1. For the stretch A:20-123, which chymotrypsin sites (Phe, Trp or Tyr not before Pro) are both in a DSSP coil and crowded by at most 14 other Cβ atoms within 10 Å?
2. Would you jot down the residues in the stretch B:41-82 that end up with at least 20 Å² less accessible area in the complete protein assembly than in the chain alone, with a 1.4 Å probe?
3. Loop-only chymotrypsin sites (Phe, Trp or Tyr not before Pro) in the stretch B:63-103, please: DSSP not H, G, I, E or B, and at most 10 other Cβ atoms within 10 Å.
4. Within 10 Å of each Cβ of B:89-99, how many other protein chain Cβ atoms are there on average?
5. Could you work out the mean count of beta carbons from other protein chains within 10 Å of each residue's beta carbon in A:19-25?
6. Assign one of three labels to the stretch B:4-242, namely rounded, prolate or oblate, based on the Cα gyration tensor with a ≥ b ≥ c the square roots of its eigenvalues; rounded applies when a/c is under 1.5, prolate when it is not and a/b is larger than b/c, and oblate otherwise.
7. In whole Hz, what ³J(HN,Hα) sequence does the stretch B:154-170 give by Karplus (6.51, -1.76, 1.60; θ = phi - 60°), x for Gly and Pro?
8. If I take every Cα pair under 8 Å that is 6 or more residues apart in chain A, average their sequence separation and divide by the length, what percent do I get for the relative contact order?
Amino acid sequence: MVRLITHNLLACHVKGCTSNNFPLQFKDVQIELREAEFNPDFLRNFMPRIEWKALVDAARQLGDTSLPEEQPEMVDDEFLQKLHHVLLEVHVEEGAMVCPNCNHSYPISNGIPNMLLAEHEIG
Amino acid sequence: MSRPELQAPPEIYYGDVEAKKYTNNSRVQQIQADMTYRALELLNLPPGDPALLLDIGCGSGLSGEILDEQGYTWVGVDVAPSMLEVALEREVEGDLFLQDIGQGFGFRPGSFDGAISISVIQWLLNAETSHPTSSPPHRLMRFFTTLHAALRNPSRAVLQFYPTSDDQVQLITSIAQKAGFGGGVVVDYPNSKKARKVYLCLFVGGGGGAQQVPKGLEDEAEEGEARAQFEKRRERLKKRQISGKRKNVKGKDWILRKKELYRQRGKDNVPNDSKYTGRKRKAVF
């Protein structure tokens, strides 16, 4: 159940991997669409925390091109609906997330990413 | 039986069997629910503000279910795959991660509006290997620093845990302070053996008006059902001990009643009642 909302918060936490460790790249993913309750207040509240470019790139990688390149100044209901769909309704079920810096791969199985590190990778 | 955290590491202790047992036990469910509500109360989020919370050690989603019910969006991490599997079966709403909190989080700074954790961080107090990264202080430090980074300013983290000694509380709070947290320990029902619960209430930031550590609940505050079982019986016992000797059961009333009963049954030689009945004899010497 990796949704793009959490993907947008997630950076690599391997020891010494501190720059260029965000966003993690999706690899060999299977996605599933599942409807969620629309909550405009939550989205408005969460908007300032979004790394917009990372979100748009990730969405494009998963085959969703509904979001504009730049974060719009004006927030209307239609836009919030799109954002809601991308952030909360696209679930990545299988595949992996790969760190662009250290190439550590976090496998996703059954919707749960495995974030465990080996002993030498712990910071 | 010794505490679960002393028996095996969490990902092994909570195997398939134990995960099911734990989740289906109605007593565990009740306690977890109570503690989650209390943790949310201590978290003190502005009402009506839809927040993004982190559930540390979400397990099978017993606490997550309550977060769903309260309308929060949440992300859960746990180290036991079997527990997460049960959570998937129960179809909780939050995103789940298989993660060892002692290895630290990888979340971007300022990601969450708050964090809760129910009965988890005592698991960090046992070293599993002799590698330096597996020592409890190192793991706690890593956990608290990355948690501090992942929380927004201002926000709170409420972590309920079961310490076995005051030294453990001391260790945990001192490391949390070194990681930049303010706040302290809140103890609910400090005088009850069963109902006593320890919450670590940590603050990130807070600006000029420093945040106050909330007060723990006292026994008097809540009468009746919320109290631990058998508390009443113990109280009654105590009262009796204070008042000294018990009331004499075989007093005058009892003797008169018995004699009346014997007469009714037609027993011979029942002594007559008089003003001396049931009175003690004078000491002869």
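The values are calculated or read from the model by the stated rules, or taken from the named source; none is laboratory data. Note that the structure is predicted; figures quoted are calculated from it, not measured. Using ideal geometry, Cβ is built from the backbone for each residue, glycine included, and neighbour counts are taken over all protein chains shown. The protein model used for the area step is the full one, side chains on, heavy atoms only, and it has no ligands, DNA or RNA in it. Shrake-Rupley method; radii C 1.70, N 1.55, O 1.52, S 1.80 Å.
1. Working: sites: A:26, A:38, A:42, A:46, A:52, A:79; in loops: A:38.
Answer by residue number: A:38.
2. Listed in order, they are B:50, B:52, B:73.
3. Details: sites: B:72, B:74, B:97; in loops: B:72.
Counting only loop positions with at most 10 other Cβ atoms within 10 Å, none of the chymotrypsin sites (Phe, Trp or Tyr not before Pro) in the stretch B:63-103 qualifies.
4. On the way: counts 0, 0, 1, 1, 4, 3, 13, 7, 11, 10, 8.
Mean inter-chain Cβ contacts per residue within 10 Å come to 5.
5. Numbers: counts 0, 0, 1, 2, 1, 1, 0.
That average works out to 1.
6. Numbers: a/c = 1.37, a/b = 1.23, b/c = 1.11.
Note, shape of the stretch B:4-242 comes out rounded.
7. x, 7, 9, 10, 10, 10, 8, 8, 10, x, 9, 8, 5, 4, 5, 4, 4
8. Details: 181 pairs, mean separation 51.8, N = 123.
The value is 42 percent.
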